[in-house]
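Structure first, then comments.
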Amino acid sequence: MLIRRPADIAPSEITPQTVFESRRRFLAHGGALLAGATLGLPAHAANAPDTTPLTPLAASRFSTNETPTPLKQLLEYNNFYEFGSSKGDPSLYAHKLPIRPWAITIDGLVRTPVTLDIDRLLKLAALEERIYRLRCVEAWSMVVPWVGYPLSTLLKHVEPLGSAKYVRFESYYDPEVITPHFFGFLEFPYVEGLRLDEAMHPLTLLGLGLYGETLPRQNGAPVRIVVPWKYGFKSAKSIVRITFTEDQPLTSWPKADHKAYGFFANVNPQLQHPQWDQSRERRIGELFKRDTLPFNGYAEQVSSLYAGMDLQRAF
Ligand SMILES: Nc1nc2c(c(=O)[nH]1)N[C@H]1C(S)=C(S)[C@@H](COP(=O)(O)O)O[C@H]1N2
Ligand SMILES: [Mo]
């Protein structure tokens, strides 16, 4: 576990009250999970959150004021196919993910490619708490108090060349460590991508934590992408490389099934999709479905990025 402050300083001396409180909430939920371990779950299901507090947090003007999904559900209901294809699998198996040492390489069409250690990345810019919706293509959604800073902060750091039009994200993959339970469909490493203007948009977050702590493994530790107006699969977890490219990258889901999954994956309740109705969603923890909003409710901020595009075709 990473210790980010000398042990002789009490957290209350350096932690703003809100963070301190969210940490206490976090620990309370962690306690509930530990209690679950005695109910016949395997020991590692307890998932003692191997996380550390992140400070300080500035509040973000981009946050929704909807009620965040309880941490317990954020930890137990995940998609992370490297660790299985059931929603409960990542909480059982993601403990295998080695989160230190960890570095991200940023390369491709840039003036100054770099490899940054995760602990430098954590200090690179002021962290914000941003409460964003995450909406999966399978029609469930969550509200997550993410911690991170705009991806654009990091991307500007390496001075992209004029020829760069896209960024490609690559997730961690070591077949010695990860035994995917989802053979034959998705290929690993998991690859995602954004058009450069999408990647530079201020809503696009480099996610480094949630609920005031570093990211739990099943949520994509130690660093992931969060793109709130797109289906969840665009938000790549546990990334190790960001590459600037001229051509649109071939990403994991369209590669597996290009009729079902598009590169853009903007949340679109009006899309006439061959396989499913995308007009409604179930917020995790709620009983009834609700209507899905265009761009997951972020239309005002992002719809101009797609002016003139046919969103039935470019889905
Ligand atoms: N590396 C990697 N990233 C991934 C996935 C994955 O399987 N592997 N699943 C995606 C999908 S389909 C969704 S809906 C979100 C789920 O994020 P959460 O489990 O933190 O809610 O992560 C996305 N990022
Ligand atoms: Mo998803």
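No value in this document is a laboratory result; all are computed from the given coordinates. Note that the structure is predicted; figures quoted are calculated from it, not measured. Glycine gets a Cβ as well: all are built from the backbone with ideal geometry, and neighbour counts include every protein chain shown.
Worth a mention:
- Sequence-ordered 3J(HN,Hα) estimates for the range 307-315 from the Karplus curve with 6.51, -1.76 and 1.60 and θ = phi - 60° stand at 4, x, 8, 8, 7, 6, 8, 8, 9 Hz, glycine and proline given as x.
- Under 29 Å from LYS87, Cα to Cα: lysines that are on another chain or at least 8 residues apart: LYS72, LYS96, LYS230, LYS234, LYS237, LYS255, LYS259, LYS289
- Annotation: amide H-H contacts under 5 Å for ASP107 (H modelled 1.01 Å from N, sequence separation of 5 or more, or interchain): ILE242, THR243, PHE244.
- The loop-placed trypsin sites (Lys or Arg not before Pro) in the range 106-146, going by DSSP, that have at most 12 neighbouring Cβ atoms within 10 Å of their Cβ come out as ARG111.
- Ranked list, fewest to most other Cβ atoms within 10 Å of each Cβ, for PHE264, PHE288: PHE288, PHE264
- Filtered GluC sites (Glu not before Pro), the range 100-199: DSSP coil and at most 12 other beta carbons within 10 Å: GLU176
- Interchain or long-range residues, amide H under 5 Å from THR292's placed H: ARG280, GLU281
- Electrostatic tally near ALA58: other residues with Cβ closer than 12 Å to its Cβ, Lys and Arg +1, Asp and Glu -1, net 0.
- Each Lys or Arg adds one and each Asp or Glu subtracts one; over the other residues with Cβ under 15 Å from the Cβ of THR292, this totals +2.
- The H on the amide N of GLY193, modeled in the peptide plane, is under 5 Å from the matching H of PHE169, each at least 5 residues off or on a different chain.
- Contact order normalised by residue count of the range 118-211, Cα under 8 Å, 6+ apart, percent: 36 percent
- Karplus 3J(HN,Hα) series, Hz, for the range 155-162 with 6.51 cos²θ - 1.76 cosθ + 1.60 (x for Gly, Pro): 5, 5, 3, 9, 6, x, 7, x
- Residue among SER252, TYR306, LEU54 farthest towards the positive dipole end of the range 49-306, charges placed on Cβ: TYR306
- Dividing the mean sequence gap of close Cα pairs (under 8 Å, 6+ apart) by how many residues the range 49-306 holds gives a relative contact order of 23 percent.
- The local environment of LEU194, defined by Cβ-Cβ distances under 9 Å, has a net charge of +1 under the rule Lys, Arg +1 and Asp, Glu -1.
- 3J(HN,Hα) couplings calculated from phi for the range 136-145 with the Karplus curve 6.51 cos²θ - 1.76 cosθ + 1.60 (θ = phi - 60°) are, in sequence order, 7, 5, 7, 6, 10, 9, 9, 10, 10, x Hz; Gly and Pro show x.
- In the range 217-267, trypsin sites (Lys or Arg not before Pro) in a DSSP loop with at most 14 other beta-carbon atoms within 10 Å: LYS259
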